[in-house]
Each structure stands twice: as C-alpha cells, then as structure tokens.
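The values are calculated or read from the model by the stated rules, or taken from the named source; none is laboratory data. The structure displayed is predicted, hence computed values, not measured ones. Cβ atoms come from the backbone with ideal geometry, glycine included; neighbour counts cover every protein chain shown. The accessibility values were calculated without ligands, DNA or RNA, using every heavy atom of the protein model including side chains. Shrake-Rupley method; radii C 1.70, N 1.55, O 1.52, S 1.80 Å.
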Amino acid sequence: MIDFWHSLVLALIQGLTEFLPVSSSAHLILVGLFGDWQDQGIIIDIAAHLGSLLAVMIYFRRDIINLLSGRHNQLLIQLIIATIPIVVAGLLFAGWVSDMGRSVIVIAVASAVFGVLLWLSQRLAKQAELNSKSALLIGLAQCLALIPGASRSGVTLTAGMALGLSKTTAARFSFLLAIPTILMAAAYAGLQWYQQPVMVDYAAVITVIVLSFFSAWLVIALFMKFIERIDFIWFMFYRLLLAIVLFMVVI
C-alpha cells in the first residue's frame with residue numbers, strides 16, 4: 001500500500017519524464033533516495049505505464065487510425081522494423097538490465113553521456129525522409145535505452161536527428177515507437193505479477209493511471225508544438241546537473 005502523495009509523485013514523474021529526453025530512471029532513483037518511501041511495487045509500475053500509453057495513443061489517434069486502416073502501411077512497416085531489436089534485446093538482457101538498474105553510478109553516467117549526445121545530434125537534424133534503414137537504426141539505438149539513465153525518448157530522438165531527420169519527424173516516430181515498447185514493458189510486468197500476485201490497491205492504481213495520463217499528454221502536446229524552437233542544450237544541462245546530484249548522493 002502506498003499513500004496518495006507517493007502515488008502523486010510517481011505518476012507525475014512517469015508522465016513528465018517518459019516522453020521528454022531525460023531519464024525517468026534517474027528521477028525515480030532520486031524519489032527513492034529523498035522521499036524515504038517504500039518500493040511502489042509492480043502494480044503501480046504497470047499503472048504508470050498504462051497512463052502514459054493512453055496519453056500517446058490519444059494524442060496520435062489519427063496516426064493510429066491510419067495505421068490500422070492500412071493508409072500508412074509504410075510507416076507501419078517502419079515501426080515494426082524498429083520494434084524488433086528492442087524485443088530481442090529485452091528478452092536477452094532483461095535480468096542484466098534489472099541488476100544494472102540498481103546502480104546509481106550507471107544511471108548518472110548514462111544520463112550525462114546520452115545528454116551530450118542528444119545535444120550534438122541536433123546539429124545534424126535536417127529534412128531527411130524516414131525509410132526502413134533509418135527505422136532499423138533508430139530501433140537498434142532504442143536498445144541502448146535498456147541502460148538505466150539513457151532515456152528511451154532521448155536515444156531515439158538522438159538517433160533520428162543524427163540520421164538527418166528533422167526534430168519533428170524524429171520526435172513523432174519516437175513517440176509512435178513508444179506505443180509497442182510500453183505495451184511490451186507493461187505486458188512483461190503483468191506476467192511477473194501473474195507469477196507472483198500481490199494485493200492491489202485500486203485507489204492508488206486509478207490515481208496513478210489518471211495523473212500519469214494527464215501529465216504525459218501535456219508533455220507530448222507541448223513538446224510537439226515547440227520542438228523546432230527548443231534548443232536541446234537545455235536538456236543536456238539538465239541531465240548533467242542530474243548526474244552531478246546523483247554522484248553527490250552516492251559519494
């Protein structure tokens with residue numbers, strides 16, 4: 001059982017950091033260190049992911065309808081191609097990633113390194129067209145998000161811009177790619193819960209789903225509206241500061 005304020009903080013962190021190129025792992029580590037709260041448990045993790053998933057699906061509902069109706073077959077194929085690497089990597093390295101996720105040092109280093117790469121990649125962002133090859137490369141890059149602190153949206157944005165895609169195109173593909181990725185993460189967590197069921201706090205679950213949904217939807221909407229005007233150097237500075245704070249905590 002977790003209290004309302006714990007649910008509130010977890011939901012907001014999940015919603016705000018899932019789609020921004022910052023590390024949700026780093027923020028959750030800080031919550032655990034400074035909030036002095038017990039582990040929220042797998043059910044709350046699933047609820048937070050479901051809220052974020054609903055947000056991205058509703059925001060991109062027209063794209064999803066077009067994908068399902070067959071009007072965007074090329075994009076659908078590209079999303080499938082980009083999803084395959086994370087499926088394989090997740091199955092192969094799930095245990096290793098779980099162990100590595102406990103290391104604050106790993107999260108801090110990854111936050112800093114991938115923050116710098118994000119800033120550098122925006123210099124290469126142009127108007128290249130997304131194709132199957134670039135989709136595969138973005139999918140391979142997404143596997144780096146298994147490193148805690150790297151940020152899934154961050155590495156996919158970095159790869160997209162490094163391949164010459166515009167910020168808008170890279171972000172749109174990154175957000176759409178989040179749908180199957182979050183679905184798989186939630187399904188994996190659901191399987192773990194099925195194998196070792198725990199009591200469900202339905203009030204906390206509903207709270208987390210609703211709050212993570214609204215915060216994630218707001219982030220997506222604002223990010224897509226202003227992305228071409230955003231200088232990613234600010235995200236780099238933020239991630240470097242986050243890394244410094246994490247280092248100070250463990251030293």
Q: Could you check the simple spin-label distance between VAL249 and LEU183, using points 7 Å along Cα→Cβ, in nm with one decimal?
A: 3.3 nm
Q) At a probe size of 1.4 Å, how large is the accessible area of MET184, to the nearest 10 Å²? A) 70 Å²
Q | Estimated dipole of region 49-145 in Debye, rounded to 20 [Cβ of Lys and Arg +1, of Asp and Glu -1, Cα centre] | A | 240 debye
Q) Is region 166-251 rounded, prolate or oblate when judged by the Cα gyration tensor, a ≥ b ≥ c being the square roots of its eigenvalues, rounded requiring a/c under 1.5 and prolate requiring a/b larger than b/c? A) oblate
Q. At what distance in angstrom do the alpha carbon centres of region 159-230 and region 132-151 lie from each other?
A. 15 Å
Q.
Within 11 Å, Cβ to Cβ, of SER212, how many net charges do the neighbouring residues add up to if Lys/Arg are +1 and Asp/Glu are -1?
A. -2
Q.
With Cα Rg over 2.2 N^0.38 Å as the read-out, I listed [x] 1.02; [y] 0.97; [z] 1.17; which label goes with the value calculated from this structure?
A. [y]
**Q.** By accessible area with a 1.4 Å probe, ligands and nucleic acids excluded, highest first: order of TYR188, TYR194, TYR238
**A.** TYR194, TYR188, TYR238
Q: Net charge near PHE232: determine it from the other residues with C-beta under 12 Å of the C-beta of PHE232, scoring Lys and Arg +1 and Asp and Glu -1.
A: +2
Q. All other residues with a Cβ under 12 Å from the Cβ of SER23 taken together, and with Lys, Arg as +1 and Asp, Glu as -1, what is their net charge?
A. +1
**Q.** Net lengthening on full extension, VAL87/LEU191 (0.36 nm per residue, minus Cα-Cα)
**A.** 35.9 nm
Q: Pairs of Cα atoms under 8 Å, at least six residues apart: use those to get the relative contact order of the chain, whole percent.
A: 38 percent
Q) Which length gain, in nm to one decimal place, applies between VAL116 and ASN73 when the Cα-Cα distance is subtracted from 0.36 nm times their residue separation? A) 12.0 nm
Q | Charge dipole of region 77-213 about the Cα centre (unit charges at C-beta), most positive-ward option of LEU191, THR168, LEU144 | A | THR168
